[in-house]
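See below for the structure under consideration.
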Amino acid sequence: MTRLGARLAALGLALSLAALPATSAQAQVLREPAEGKRIVRLGAIQAIDSMNPFLAVRVVSTSVHRWMYAYLTTPDSKTLAPSPDLAESWETSADKLTWTFKIRDTKWSDGAPVTAHDAAWTLNKIMTDDGAKTANGPAVENFASVTASDDRTLVITTRKPQASMLELPIPIMPRHVWEKVGDIAGFEAEQYPAVGNGPYIAVEHKKNAYVKLKANPGYWRGAPKIDELHVIFYENPEAANVGLKKGDIDWIGRLAGPHFEALAGDPDIVQWNTQGRRASYLQLNPGAATADGEEIGDGHPALKDPKVRQAIHHAIDKQALVEQVQNGLAVPADGSIVPPMYKDFFWQAEGDVRVAFDPARANEILDDAGYRKGADGIRTMPDGNRKLEMRFSIHTEDPVEDKLAQFLTGWLKDIGIGLTTRKLDSNKFTEETGSTALYDIAISGWSVNPDPEEVFATHLCSRRPTAAGEGGGTESFYCDEEYERLYQAQLVELDRAKRAELIRRMQQKLYTDAPVIALYYPNNLEGYRSDRITSITPIPEDKGILYGGSGYWPVYSLQAVATPAGPAAGGSSAGAVIGIVAGAVVVLGAGGYLLARRRRAAADDRE
Amino acid sequence: MSEATARRRGALARFWRDYRAQRAGLYGAAILAAAVLAALVTPLVTDPAGLDVTRATGEKMAPPSPEFPLGTDESGRSILLTILWGSRVSLLIGFLSALLSMVIGTVVGITAGHFRGWPSAVLMRITDWFLVLPSLVLALVLAAILGGGTSTIVLAIGVTSWASTARLIRAQTLAVEARPYVERSRVLGGGHWHVMTRHVLPNVAPLVLANTTLTVASAIVTESTLAFLGADSGQASWGSMLRGSYDWGAVTSGAWWYVLPPGLCIVAVVLAFTLCGRALEAVLNPRLRGVS
Amino acid sequence: MAAPTEIEPAAGPAAGPGERGGPPGARRGLLRYALAKLGGALLSVGMVVVATFFLFRLIPGDPAVAYTRDVPLTPDQLDLLRRQMGLDRPLPEQFLDFVLRALRGDLGTSYEYRRPVAELIGERLGPTLLLVGTGLVVAVTLGLWQGTRAAWNHGGRLDRFSTGISLTLWSVPTFWLGLLLLMVFAAGVGPVPGIFPTRGMEDVDAPDGPLYLLHVAHHLVLPCVTLVAVVYAQYLVVMRSSLLDEIGQDYVTTARAKGLRDAEVRRRHAVPNALLPTVTLVFLHIGLVVQGAVTTETVYSWPGLGLLFYEAIKGPDFAVMQGTFMVLCVAVIVMNTLADVLYHVLDPRVGSA
């Protein structure tokens, strides 16, 4: 190569090497040897969106925040019912509008005492600062005032009774650190070690790469039994799986069915398959209207007929869906939107109420209702005006929904309904199925919290869009008087058993009216290395979730073997050393080659 | 008339003789012929019902067997069958987007070469702009904005890949228009349209053909990449099969029969188009023949 | 994606972006040339900005609703947000605002991260520069070297072999190759041990100091090999054919006839002349390497701009998509212009020397 080529090449190499220190500068954090430490490395197919709990919405972020900060209450490790956390105890006034919490006497990780003023500041911040509403604004919508009457007493008054008061998804922040922040919406909270009072303290965050947490020695329940917890972000789920198999990470949560199955056969990997907190369902446009009752959208008129919705329900083989779309790793739904994991609130159809897979019955219902089949096998409306050609709206980039659409198309064809699939990006999807009602049938799903209030609210009349067509958060455009009445009743019913009964009646209503049809409850699928993690307790303790559930019990309960001493510590092996050498050879080889060329070219010049 | 026919036949014979000398080009043409034939014959000999997930008969992710020579996918459908039907979509998208790219490139190229002055300057500025832009990135943005579907993918690939054709055709147009007989035709009152369609177009056509062949190759790769990155046509193509194998964990569960065949098909067909295109260039491009 | 074609060198030295108006010759000419190039580049950048603005305004749906995602807002809150986002103003005004902001480096705020897009892009620039830079250097070196050898053995077995290999690799979809390499060399298959990492640029336990460079280099190997394998063919093909052109020239024949050794002729005469058009093309097609980086970064979770762009498409996070798109395009234009001017400085035939 000549002078010119060598110059250009050297320039390129110099540029790329110049990029290195820039990135290594960020990594200049105190590093201690890993030998003898108990470290657990959790893989997540998602990166942290923000370390500021007022802004973070991704599961990985809210999980990490659960481990860093205490909440007023935490779900009980056995029953998931609210139990004391930062609040030692609480009581409500007779009118159910005033709540008084007694705040635990503990310390922040910087030694400052935790007081009721911290909690009052946090909640008031969300109530008064729009920038702080991003993550948890709706949770405090009903609050009238929040005050700390002394260091240990927090008083919250609400406008209406709020049964979900004991399940506020809000971490309490240290006021003495956070009140100095001017613009909450623009604050990244990238200061380490972060001041918290949860079982772990975040000590390092490398964006898009990992978060490093250390056990909080001053945690009021006692320090966790491991020294460090690393959360490592993967973009590619296949790579995460390979990482688990190789031992680069010790644990992955929220696996997709195929990736879960690929972990089979490794004696050191525990495949964790339990009931999940999610329900997948179809939305059938029941004749969408705004909150004022004016019709909007372009839903197929046949879907206004409950008989058609029921026939569609009969045409769906939920068992086959579970086997084919979910690799058998889900529970077929014979109920509604609360998954069986929540035993208290779960409801299941039995006897005559149950809608079984029965295409013949579906055809019969449609025949009787006057929807005649044409020569092409597609039915028409009883008035003969319109064919039963419908659209099925799903998200782009979702292989499971894609596969589900293929099955649904086949089954509906068998009962004389034509179905075409529309793939929409999530913004457009939310708009068309939630406010403009430009859909016939759409896929949907919801991760249900221990308190299911929010998922039931999504089927209220008031959640339908405003007259201006702006979404109110409806999941179905459903509006039913009885459902409405039951909802209001459960809202103020503070007796848990009675409330559960009301909630079950709401689910039965949703099941028979079928504005939504529950398909299945996907299992929670995880995998961890038993040669590294010696013990972990799920939540709830009986066959529960490890990662992504509510509360911190599983990560708090973690026990792990210590990293062995030696030069190849930290998950590396002899192979890694070979790899490093090979990598060095590639880079140095390229550089050396160029240098040699350059020198030779220089020699040429002298000739 | 007959003289013209004979001349044309003679030219064709000469072309074939020259092309036969390009061995790699012959291999490429053979692979292409096989692929196109398979795509055309598929609907006559196989039943597309096997692509319907509710009617699939096989086990999920089963390895190759006499019944399913290339095994099955995550829904128990035959990989071989999907590959055959997928070849139709992949080739169709490849051809259509190359066609679109060819039409835009040729029109822009001839226009920019024929009309000097500011129209040419403007057209070439736009061409250069498209030439340097990362076309895959632009295609992804287009696909994301326009939503899914075969026509979207064809449009996204076609609109982003015509620039190098336009440059080439413009250079060739300039060379053709400098020839004396074109000059004569213009003096004799031949209008712009006449010169462009009667003299320039026939002379640049062979190069357009060679270039389009190469464009098909890159269009097929681009289609598969778009499918992998999430912008697919909604029909089973080789690219969407690879995406499927990725989504359904075929790589980690060791289902090589799902991962390798679609990829190898893409490599074979793309390589075949590339070899053909290069051979055509070698035969048709006077510069490379040393005739200048 | 441009095909590896032998036609390109025909346009060779004239294939740089923009019109090449005659050999400038003198230094004054060079300055004028550089200014013209700069003007052209500015125009291109302007076109990118205009195209970006209108492309992303074509997206159906209400950006304010998209921004708030699933959080239910009152109509008043939405109106306020629309006013804040400037959506209530006429389009020309919005455009002006967009341009002024872009000039200040304000590319909007990410829906997903709730952070300025420019900041997100800044964080991702380093890793992408590292990957693309290293990949480019290795690919160009490999391509030119193999291309030179192939041309010198024109028609021979070596030529057929190396050209064949490179064209086959060129036909491979980048992501597929990446996945296969990941499976074989990161996970390990049969006797092959998985000696390379599965993700990213560094691990939690990354060492300090010089070892850190090795640590990153170790992570860089597979992404770099993937990128290089797919793109180096075009450098090979271009180098091969422009060198063949040179070999056909009289002076080479003369030099050989004078009894100069083949290696000498190649190194001192033919290669330097063939290199110029090739290097121009390398930079002209730098967009190809950049788009290769999008897929490579996705497969290997490499924390660069390409991955950011892919995540934004998946979101979709239009502000990030828009910002990344603009930055990628502008970067390519800048590189091109730089290479173009540099070419004129260095070209012994037209340069200032």
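No value in this document is a laboratory result; all are computed from the given coordinates. What you see is a predicted model; the values in this text were computed from it and never measured. All Cβ positions, glycine included, derive from the backbone under ideal geometry; neighbour counts span all protein chains shown.
You can think of it this way: the chain between A:Q46 and A:T98 has 14.8 nm of extra reach, that is 0.36 nm per residue less the Cα-Cα gap. Legend: calculated FRET efficiency, B:A178 to A:K413, from the Cβ-Cβ distance at R0 = 51 Å, rounded to 0.05, equals 0.20. Going by neighbour counts of Cβ atoms within 10 Å, the residues B:S151, C:S166, B:S90, A:S426 line up, fewest first, as B:S151, A:S426, C:S166, B:S90.
Across peptide C:162-169, the mean count of Cβ atoms from other chains lying within 10 Å of each residue's own Cβ comes to 3.
Please identify every one of the trypsin sites (Lys or Arg not before Pro) in the range C:244-353 that sits in a loop by DSSP and has no more than 16 other beta carbons within 10 Å of its own beta carbon. Filter output for the range C:244-353: C:K258, C:R261, C:R349.
Calculated FRET efficiency, C:H154 to B:R23, Cβ-Cβ distance, R0 = 22 Å: about 0.95 to the nearest 0.05. For the protein assembly as shown, taking a cut-off of 4.7 Å between Cβ atoms, the unpaired cysteines are B:C265, B:C276, C:C224, C:C329. The residue among A:Y520, A:L166, C:W176 whose Cα reaches farthest toward the positive pole of the charge dipole of the protein assembly as shown, with charges on the beta-carbon of Lys, Arg, Asp and Glu, is C:W176. For the peptide C:303-311, the mean number of other protein chain Cβ atoms found within 10 angstrom of a residue's Cβ is 3. Considering only Cα-Cα distances, which of the following residue pairs are longer than 20 Å: A:K180/A:K212; A:K225/A:K245; A:K307/A:K509; A:K428/A:K509; A:K423/B:K60; A:K180/A:K206? Violating the 20 Å limit, Cα to Cα: A:K180/A:K212; A:K225/A:K245; A:K428/A:K509; A:K423/B:K60; A:K180/A:K206. Between A:A144 and B:V36, the C-beta separation translates, for a Förster distance of 60 Å, into a calculated FRET efficiency of about 0.25. Annotation: the antiparallel percentage among DSSP beta bridges lying fully within chain A is about 80.
Here A:C461, B:C265 are placed in order of increasing Cβ neighbour count within 10 Å, fewest first, which gives A:C461, B:C265.
For the peptide B:164-174, the mean number of other protein chain Cβ atoms found within 10 angstrom of a residue's Cβ is 3. Averaging the Cα positions of each part gives two centres, and for the range A:152-205 and the range B:2-30 these lie 78 Å apart.
Applying a DSSP loop filter and a limit of 14 other Cβ atoms within 10 Å to the trypsin sites (Lys or Arg not before Pro) in the range B:116-214 leaves B:R116.
Taking a ≥ b ≥ c as the square roots of the eigenvalues of the Cα gyration tensor, the range A:162-289 is oblate, since a/c reaches 1.5 or more and a/b is not larger than b/c.
A simple spin-label model places the labels of A:E482 and B:R9 8.7 nm from each other, with each point 7 Å out along Cα-to-Cβ. Mean separation of Cα pairs under 8 Å and 6+ residues apart, divided by the residue count of the range C:33-346: what relative contact order is that in percent? Relative contact order for the range C:33-346 comes out at 26 percent. Charge dipole of chain A (Cα centre as origin; +1 on each Lys and Arg Cβ, -1 on each Asp and Glu Cβ, all else neutral): 1840 debye, rounded to the nearest 20.
Each of B:A56, B:F95, C:G323 was scored by the projection of its Cα onto the charge dipole of the protein assembly as shown, and the greatest displacement toward the positive side belongs to B:F95; charges sit on the C-beta of Lys, Arg, Asp and Glu. Here the sum of -39500 (n - 2.57) over DSSP H runs of 4 or more residues, divided by the residues of the protein assembly as shown, equals -17000 deg cm²/dmol at 222 nm, to the nearest 500. Sorted fewest first by neighbouring Cβ atoms within 10 angstrom, B:W118, B:W129 come out as B:W118, B:W129.
Site pair C:D208 and B:H194 shows an inter-label distance of 8.3 nm when each label is modelled 7 Å from Cα along Cα→Cβ. Summarising the label geometry, the points placed 7 Å from Cα in the beta-carbon direction at C:V189 and B:R186 lie 5.9 nm from one another.
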